[in-house]
Every structure is written in C-alpha cells, then in structure tokens.
Amino acid sequence: MLATVYAALFVAPGFYLPFFPVFLAALGFSPEAIGIAIGIPMAVRLFANPIAGVLSDRIGRPRRFLAVLGFGAAFAFVLMALVPDRAAVLILVAVATVFWGPAFPLTDAFGVRLAREKSIDYGRARLWGSVSFIAANILLGVALEVLPPAAIVWLIAGSLVLFALSAQMLPRLQQVTAADAAKPPKIGRRVLLAVFAAACVQSSHAMLYAFGSVHWRASGISSSMIGFLWGIGVAAEVIVFYFATVALRRFSPVALIMIGGVSSIIRFGLTALDPPQALLVPLMIMHAFTFTATFLGMVSVAGESGGAGAQGRAQTFSSAAVSIAMLLATFAAGPLYARYGAYAFFGSSAIALLGLMLAIASWLQPQSEASGGKTVEPT
C-alpha cells in the first residue's frame with residue numbers, strides 16, 4: 001500500500017511541473033507572472049513544512065494527517081478551475097502548497113517508520129513515485145492534444161484525492177506516547193552537517209533543472225532527445241531505489257551523501273565542458289548517484305535523528321534545508337547562466353564540493369549519545 005501512496009502522490013507533480021505553466025498561460029499570465037506563480041511554492045514550503053511536521057507529530061495520527069493534506073491541496077486546485085481569476089490563482093497556489101508541500105517529507109517519515117516497524121522495503125515502495133511521475137508527464141502530454149488547459153488542475157486535484165484515500169489505507173503504526181511525541185529530534189552536530197551536506201548536493205542540480213533543457217536546445221539537440229535524456233535519468237533513479245535496502249546495508253547514510261557529492265562534482269564539471277550528445281547519456285544516468293544516493297542518505301540521517309514520535313519534524317527539517325539551498329541556488333543560476341553559459345555548471349560542481357566537505361566533516365564526527373549510542377571514534 002505504501003507503493004500505491006507514493007504512486008498517487010507523485011502523479012500530481014508529474015502533471016504540475018511540466019504543464020501547470022500551460023494552464024497559467026491559458027489564463028493570460030505573462031511570463032513574469034508565471035515565474036512568480038512557480039516561485040511561490042518555494043517560499044511557502046520554507047515555513048509550511050516545518051509547521052506541518054510539528055503538528056503531525058503532536059497530533060499522532062499520521063495517516064489521517066496525510067489524508068487531510070491531500071484533500072486540502074485537492075480543494076485548492078479545484079478552486080483554481082472554478083475561480084480562474086489571476087489574483088485568486090496566485091493565492092490558491094500558496095494555499096495548495098501549505099497542504100501539498102509537507103505531504104512529501106511526511107510520507108517519507110511514515111515510510112521510514114513503516115520500514116522499521118513492519119520490515120517494508122522503503123526503496124521499492126518509493127520507486128513507484130518516480131515511475132508514476134514520468135508516466136504522468138507522458139500521458140498528460142498526449143492528453144492535452146484533445147483536452148483543454150483547465151483539465152490540468154482537475155487532474156492534479158484528482159490525483160491528490162487518490163493520494164488522500166490511499167493514505168487512509170496504510171497500515172497502522174505503533175502508538176506513540178505523549179512523552180515521545182513531545183521529544184524533539186536528536187539533531188546534533190553530526191546530523192546537522194549531514195543534512196546541510198545533502199542540501200548542498202541536492203541544490204547543485206538547480207542549474208540543470210533551470211537551464212539544462214534550454215542549453216541543450218540552444219546546442220541543437222532535438223526535443224525528443226531532451227525528453228529521452230530526462231527519462232533515462234529517472235530510469236536510473238528507479239533502479240537505485242529498487243536496490244535501496246541493499247545500498248543502505250552496505251553504506252552508511254553519510255557515505256551515500258559523499259557518493260552523491262563526488263558524483264555531482266564529476267557530472268556537472270563535465271557538463272560545463274559542453275560535451276557531445278553521446279556523453280550526455282551517461283551523465284544523466286549519474287542522476288542515480290547525484291540525486292538518489294544523496295536523497296536516501298538524507299532521509300536515513302533524518303530517520304535516525306527522529307525517534308518514533310519525531311519523524312515528522314526530522315524529515316520536514318531536512319526538507320526545509322534542501323528547499324532553502326535550492327531556492328538560493330536557483331536565484332543564482334539565472335545570472336550565472338546569462339553570463340557564462342555552459343561554464344556556469346562549474347558553479348554546480350562548486351556547490352557539490354561544499355556538500356562533500358560537509359559530509360566528510362559529518363563522517364569524522366564521533367558518534368554521540370545524541371545519535372543513540374556511546375561515544376566512539378568514526379570507522
């Protein structure tokens with residue numbers, strides 16, 4: 001059932017990311033206004049996610065809380081279709097994000113607890129989110145040949161309703177006492193360094209997300225090839241999620257972040273050299289390490305820092321750190337690309353290098369009692 005929840009949750013961004021601007025353009029939004037609408041969720045998540053994490057832990061009913069988030073976001077998207085006023089849509093984008101943004105880290109929090117309490121394979125459940133994301137991209141792209149742009153928000157709302165309903169069918173977790181729910185996550189220096197390291201490595205992708213396709217098109221690469229490049233990156237991501245349990249047995253969470261950092265330095269350093277089209281294929285396959293290994297390490301670090309009663313706060317804290325880093329990197333991406341073109345990807349490598357250095361610093365920290373054991377030297 002966790003796989004079904006992830007599949008339903010990631011259908012919505014599969015519709016939203018490539019096609020929500022199409023809906024906005026149909027309403028008469030200017031390019032500048034579309035940029036504002038797309039940027040609003042980045043800002044809202046910074047406060048909405050941590051607050052939701054606190055509420056989820058304090059209320060102690062994670063399945064019901066996830067369902068409320070799904071229904072609330074769906075209602076906001078329905079209102080966008082019913083009240084297509086441009087000012088109202090901007091407000092509703094913020095409202096939708098208040099509900100939709102926390103759904104991702106809180107689903108991860110539930111998945112981490114479920115994996116520990118009932119031996120569910122988290123990675124093999126999470127991979128269905130990636131599969132449904134790319135499937136939604138493809139299917140809606142075909143459907144919009146006959147459907148009006150307003151159908152986009154109705155489909156997003158429908159997928160969120162499915163997420164809310166499936167969340168209610170998740171297995172019950174062990175009951176958390178009020179005392180455990182009141183305990184904060186054990187976020188010591190080692191955890192902080194690891195989370196900030198993961199945030200840097202993840203934000204090193206900002207240039208690629210913002211200008212990868214733009215640069216490739218300007219280089220003469222066809223749209224179909226660009227679609228293939230993004231698709232093969234997601235396919236590589238799915239493979240790593242499938243073997244996530246094995247990876248986490250062989251590598252510590254911090255080691256996975258370090259692998260992500262080294263891979264990102266290499267990947268984006270080569271991208272800055274404007275490589276031939278054939279080399280872009282293995283560089284996109286490296287998404288398996290630059291994104292997925294880093295993500296698994298970050299989720300695991302957060303999971304270890306939060307007991308059963310603090311998983312929501314731990315995961316939303318790490319999510320907020322990534323959001324801040326990604327926001328800053330995205331703001332910097334525009335001026336850097338405008339001035340340096342492909343060489344701006346060296347900036348991505350520099351951010352990844354900072355993440356690697358923080359991950360090494362985390363790895364060198366001794367295990368402390370705050371992380372659940374006696375103080376020992378790092379191995």
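Residue by residue, here is whether (1) of a type in the set (G, A, S); (2) over 19 Å from V131 (Cα atoms) holds:
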residue	(1), (2)
S219	yes, yes
G233	yes, no
V238	no, no
M258	no, yes
G261	yes, yes
S264	yes, yes
F268	no, yes
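Please specify each residue of region 40-93 satisfying the condition of being part of a helix (DSSP H, G or I), of a type in the set (K, R) and surrounded by fewer than 21 Cβ atoms within 10 Å (Cβ to Cβ).
Listed by number, the residues that qualify are R58, R63, R64, R86.
Confirm whether V281 is assigned by TED's automatic domain parsing to the domain that holds W216, in a helix (DSSP H, G or I), over 19 Å from the mean Cα position of the chain (by Cα) and not hydroxyl-bearing (S, T, Y).
Criteria met by V281.
Of everything in region 247-278, what is outside any helix (DSSP H, G or I) and among the polar types (S, T, N, Q)? Give them in sequence order.
Of everything in region 247-278, just one residue is outside any helix (DSSP H, G or I) and among the polar types (S, T, N, Q), namely S252.
In region 19-37, what count of residues is obtained for those that are in a helix (DSSP H, G or I) and crowded, with 16+ Cβ neighbours inside 10 Å?
Step one: list which residues in region 19-37 are in a helix (DSSP H, G or I), which gives 19-26, 31-37.
Next, only the ones that are crowded, with 16+ Cβ neighbours inside 10 Å stay: 19-21, 23-24, 33-34, 37.
Going through region 19-37 one residue at a time, the tally reaches 8.
Quick test of your reading of the structure: I221 fulfils all but one of (1) modelled with pLDDT of 90 or more; (2) in a loop (DSSP other than H, G, I, E, B). Name the failing condition by number.
(1)
(1) more than 19 Å from A12 (Cβ to Cβ); (2) touching a Gly at 6+ places or on another chain (Cβ under 7 Å): which one isn't true of N137, the others all being true?
(1)
This table checks each residue for (1) of a type in the set (D, E); (2) in the same structural domain as G312 (by TED's automatic domain parsing); (3) closer than 22 Å to A199 by Cα.
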position: A12; (1), (2), (3): no, no, no
position: P18; (1), (2), (3): no, no, no
position: V22; (1), (2), (3): no, no, no
position: S30; (1), (2), (3): no, no, no
position: A48; (1), (2), (3): no, no, yes
position: A52; (1), (2), (3): no, no, yes
position: D57; (1), (2), (3): yes, no, no
position: R61; (1), (2), (3): no, no, no
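Return the residues of region 234-274 that are buried (at least 24 other Cβ atoms within 10 Å of the Cβ) and more than 24 Å from A350 (Cα to Cα); say none if nothing qualifies.
Matches in region 234-274: F241, A244.
Any residue in region 15-29 that's closer than 23 Å to I226 by Cα: show its pairings with residues that are surrounded by 14 or more Cβ atoms within 10 Å (Cβ to Cβ) and of a type outside the set (A, V, I, L, M) at Cβ separation under 7 Å, as long as the two are six or more apart or on different chains.
F15/S159; P18/N137; V22/P149; F23/P149
Right, I120: assigned to a loop (DSSP other than H, G, I, E, B) and either touching a residue at least 40 places away in the same chain (Cβ under 8 Å) or of a type in the set (D, E, K, R) (or both) or not?
yes
Just give me the residues in region 72-98 being in contact with a Phe, Trp or Tyr (Cβ under 8 Å, 6 or more places away or on another chain) and farther than 19 Å from L24 by Cα, in sequence order.
Once the filter is applied, which keeps residues that are in contact with a Phe, Trp or Tyr (Cβ under 8 Å, 6 or more places away or on another chain) and farther than 19 Å from L24 by Cα, region 72-98 yields only G72.
At pLDDT 90 or above, assigned to a helix (DSSP H, G or I), in the same structural domain as F19 (by TED's automatic domain parsing) and within 23 Å of P21 (Cβ to Cβ): which single residue out of S130, S159 fits that description?
Every option except S159 fails the conditions.
Could you go through region 260-276 and let me know if any residue there is more than 21 Å from C200 (Cα to Cα) and in contact (Cβ under 8 Å) with a residue 40 or more places away in the chain.
yes
The values are calculated or read from the model by the stated rules, or taken from the named source; none is laboratory data. Values in this document were obtained by computation on a predicted structure and should not be read as measured data. When we count neighbours, we look across all protein chains shown, and the Cβ atoms used for this are built from the backbone with ideal geometry, even at glycine.
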